[in-house]
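**Q** Got a structure for you, questions after.
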Amino acid sequence: MRVIVLGCGRVGSGLAIRLEVDHHEVTVIDHDLKAISRLGKSFHGRPLVGNALDRDMLIDAGVTRADALAAVTGSDEINAVVARLALGRFRVPRVVARMYEPRQAELYSRLGLLTISPVDWGITRLAQLLILRDVAHVTALGGGRVQLLETTVSPTMAGKKADELEIAGETRVVSVTRAGRAFLGDRNTLLERGDLVTIAVAHGAEARLQHLLGVE
């Protein structure tokens, strides 16, 4: 994939290096030459020093043929403007913008822009670490609005149907792994002791999932 990364701070540089390791073609834009130096001498992508809001700079970076763009500068406003420009004007297939302000992330998400809010995600993750027991975090989706969690079926859960762990609009059993084999199952799937169950949980529903699991 051809990917453009706007912003070369710790996140931007780390993302660019990770993408290059995964054999993607990466171009990085930052207005600060010192920031670009974070990429190191081993980076073989294309570093550019300039203004991410400059249309000519974006074109020079290859936005017209890019497969993806990540806007991760230190400014929510710049990230939002460039991301919407990439989507609307240049038709970049995959665009993600980082937003420090959760309300801004929510607003632009409703407008169809993929966003990630480190603040919102961090709050959600901290709450999980403090509150959830016997449940492992797998990943976060939509800036933390939905979590994928895993739990092992205990003796008290064994024999229950998968739908007993579901709350409409809040939790849903995604998959069950039994004896090393994962399958999707359905609402009537009977859980067995030792099953590893992956559950999608909406933000704010973690405590209710704890109750369903019988974990205080």
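**Q** Does residue 86 qualify as being small (Gly, Ala, Ser), part of a helix (DSSP H, G or I), modelled with pLDDT under 90 and not assigned by TED's automatic domain parsing to the domain that holds residue 141? Can you show your working first?
**A** Working: small (Gly, Ala, Ser): yes; part of a helix (DSSP H, G or I): yes; modelled with pLDDT under 90: no; not assigned by TED's automatic domain parsing to the domain that holds residue 141: yes.
Spelling it out, it is not the case that residue 86 is small (Gly, Ala, Ser), part of a helix (DSSP H, G or I), modelled with pLDDT under 90 and not assigned by TED's automatic domain parsing to the domain that holds residue 141.
**Q** Turning to a different aspect of this structure: Filter the range 1-19 for residues that are assigned to a helix (DSSP H, G or I) and in contact with a Leu (Cβ under 9 Å, 6 or more places away or on another chain); which is surrounded by the fewest Cβ atoms within 10 Å (Cβ to Cβ)? Don't jump to the end; show me each part of the working.
**A** Start the filter on the range 1-19 by keeping residues that are assigned to a helix (DSSP H, G or I), which leaves 10-19.
In the following step, the residues that additionally are in contact with a Leu (Cβ under 9 Å, 6 or more places away or on another chain) were identified as 12-13, 16-17.
Numbers: 12: 25, 13: 23, 16: 28, 17: 19.
That would be 17.
**Q** Name the strands (runs of 3 or more DSSP E) wholly within the range 106-160 that hold at least 2 residues that are at pLDDT below 75 and within 24 Å of residue 178 (Cβ to Cβ)?
**A** 136-141
**Q** Assuming residue 198 fulfils every condition listed in (1) under 20 Å from the mean Cα position of the chain (by Cα); (2) modelled with pLDDT under 90 apart from one, which condition is it?
**A** Failed condition: (2).
**Q** Going through the range 20-47 one residue at a time, which ones are assigned to a loop (DSSP other than H, G, I, E, B) and either touching an Asp or Glu at 6+ places or on another chain (Cβ under 8 Å) or exposed (fewer than 15 other Cβ atoms within 10 Å of the Cβ) (or both)?
**A** Within the range 20-47, 22, 23, 32, 40, 41, 42, 43, 44, 45 qualify.
**Q** Return the residues of the range 136-187 that are surrounded by fewer than 16 Cβ atoms within 10 Å (Cβ to Cβ), touching a residue at least 60 places away in the same chain (Cβ under 8 Å) and of a type outside the set (Val, Ile, Thr); say none if nothing qualifies.
**A** 154
**Q** Ok, one more. Quick check: anything in the range 53-61 assigned by TED's automatic domain parsing to the domain that holds residue 9, surrounded by 14 or more Cβ atoms within 10 Å (Cβ to Cβ) and in contact (Cβ under 8 Å) with a residue 40 or more places away in the chain?
**A** Yes - at least one qualifying residue is present in the range 53-61.
**Q** Return the residues of the range 16-30 that are of a type in the set (A, V, I, L, M, F, W, C) and touching a strand residue (DSSP E or B) at 6+ places or on another chain (Cβ under 8 Å); say none if nothing qualifies.
**A** Those that are of a type in the set (A, V, I, L, M, F, W, C) and touching a strand residue (DSSP E or B) at 6+ places or on another chain (Cβ under 8 Å): 16, 19, 26, 28, 29.
**Q** Would you be able to say whether some residue in the range 61-70 is part of a helix (DSSP H, G or I), modelled with pLDDT of 95 or more and aliphatic (A, V, I, L, M)?
**A** The answer is yes; a qualifying residue exists.
**Q** What number of residues in the range 62-71 are surrounded by 22 or more Cβ atoms within 10 Å (Cβ to Cβ) and not small (Gly, Ala, Ser)?
**A** Final tally of qualifying residues: 2.
**Q** Consider residue 214 carefully, then state whether it is surrounded by fewer than 17 Cβ atoms within 10 Å (Cβ to Cβ) and touching a Leu at 6+ places or on another chain (Cβ under 7 Å).
**A** Numbers: surrounded by fewer than 17 Cβ atoms within 10 Å (Cβ to Cβ): yes; touching a Leu at 6+ places or on another chain (Cβ under 7 Å): no.
Judged against the criteria, residue 214 is not a match.
The values are calculated or read from the model by the stated rules, or taken from the named source; none is laboratory data. Model, not experiment: these values are computed from the prediction. So basically every Cβ, Gly included, is an ideal-geometry build from the backbone, and we count neighbours across all protein chains shown.
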